[in-house]
Amino acid sequence: MPRVLFLMPTKTYRASAFLAAAVKLNIDAVVGSERKQALEVFTPDRTLTLDFSNPGKATQTIIEFAKKHPVNAIIPVDENTAVIGSLASEALDLPRNSPESAIAAREKQRMRAILNKADLPSPDSTVFSTKEEPKELAQKIKYPCVLKPLFLSSSRGVIRANEPAEFISAFKRIKTILSDPEIIKSDPKLSRQILVETFVPGDEVAVEGIFTEGKLKVLAIFDKPDPLNGPYFEETIYVTPSRHPEEILQQLESTVVQASQGMGIKHGAVHAELRINQDGVWLIEIAARSIGGMCSKVLRFDLDMSLEELIIRHAIGEKIEEFNREKQAAGVMMIPIPKLGILKEILGLKQAQSISGIEEIKITIPISQKVVPLPEGNKYLGFIFSRREKPEVVEETLKEAHERLEFVIE
């Protein structure tokens, strides 16, 4: 029975999906997390406590574990664990991306430098220390621009500025976000820096794929029909298949391949964010991991296969080229948080769930819990899933369901 080590932060939404897929495939699953599991003493071959803030130490822990319990593959679920996964896989001689490519995919400025060197359309960017005076920096910037942390995900801390006053406000706000002790612990160096890049207008899409020996298999291309123009960049709706013409779809795939080659990504899942405008296709970000949150549930492949099952099959060396996404259109809405406060009640849930084409509505923040909107927040209220005959109908269905929901926040 193959043994797979999953690198999962305790806050990930992906644990149950990956573990269910492992059971279905009869895989011996080991969960590596940053917190010790309550029953770890009774399951020494199934759980592993790792210091995700120290990749070298975490890698050594994995190596020692593998001496007693050999693993056939390591699957990370986010950018931080991707770095550890590549280091450990290199030490154990498992299929992998290079540690350098995983680091570049995690660190946005390093990514920008590589993309520019590869002559791919990418925003111009500059990095500033959080110790610098924003009033002085604001006079040197070309507007509109986007300020963002170098390593956070889910659009946390990403703010557009159209003029100096907005730049100063955004800079101070991101500096406060980066002062969070947990963020500092995760990366003391990057938490002292802010990336400023030119704003790229246009339609945004996401490309989901898997690399095998440098060859990309595109799993899905998602349209993001809601405009993402700022001041914050809260993602809401993902719909596939894309409604862009075939010529654009080919450009998207080609851009992801070129960017991945430049960064050294050649194995495993990849998730890319791109924009399309009159000047062509622009790569905004690319990550050496699969789609985040619960969004993977929107993807279904031949044999009723989940994305997690496909990733595991690929990781243990099975051929996946023949498996394709279902023909039916599908989409997900990440339910935005409208304001800061305590979630008291959710109204209209049954009415929203009864809409034809709504597959599931999953609320992920419990009643009585604090909710924090972007740019400070890093969670959504939940996820709405739909499958219909056409992508435009999926989009309409998701919006209709969201309109019937009312979140009482005090």
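Laboratory data are not the source of any read-out in this text; all were calculated from the coordinates shown. If you're wondering where the values come from, they're calculated on a predicted model, not measured in any experiment. Cβ placement follows ideal geometry from the backbone for every residue including glycine, while neighbour counts extend to all protein chains displayed.
The overall shape of the range 1-72, judged from the alpha-carbon gyration tensor, is oblate: a/c is not under 1.5, and a/b is no greater than b/c.
Taking other C-beta atoms within 10 Å as the exposure proxy, 192, 243 rank 192, 243 from fewest upward. Annotation for residue 60 and residue 279: the two label points, set 7 Å from Cα along the Cα-Cβ direction, are 4.7 nm apart.
Projected over every direction and averaged, the convex hull enclosing the alpha-carbon atoms of the chain yields 19.9 nm². Going from the residue with the fewest nearby Cβ atoms within 10 Å to the one with the most, 298, 281 rank 281, 298. Kindly state, to the nearest 0.05, the FRET efficiency for residue 35 paired with residue 198, given R0 = 51 Å and r defined as their beta-carbon distance. It comes to 0.80. Put a dot 7 Å past the Cα of residue 316, heading toward its Cβ, do the same for residue 23, and the two dots end up 1.6 nm apart. Could you check the simple spin-label distance between residue 351 and residue 250, using points 7 Å along Cα→Cβ, in nm with one decimal? The two pseudo-label positions are separated by 4.8 nm.
In a simple Cβ point-charge model (Lys, Arg +1; Asp, Glu -1; nothing else charged), the chain has a dipole of about 1060 debye relative to its Cα centre. Arranged from fewest to most other beta-carbon atoms within 10 Å of their beta carbon, 234, 247 become 247, 234.
Straightening the chain between residue 68 and residue 389 buys 110.5 nm, computed as 0.36 nm per residue apart minus the Cα-Cα spacing. Sorting the Cα pairs of the range 329-410 by distance into bins of 5 Å, from 0 upward, gives 3, 16, 27, 22, 16, 10, 5, 1 percent per bin.
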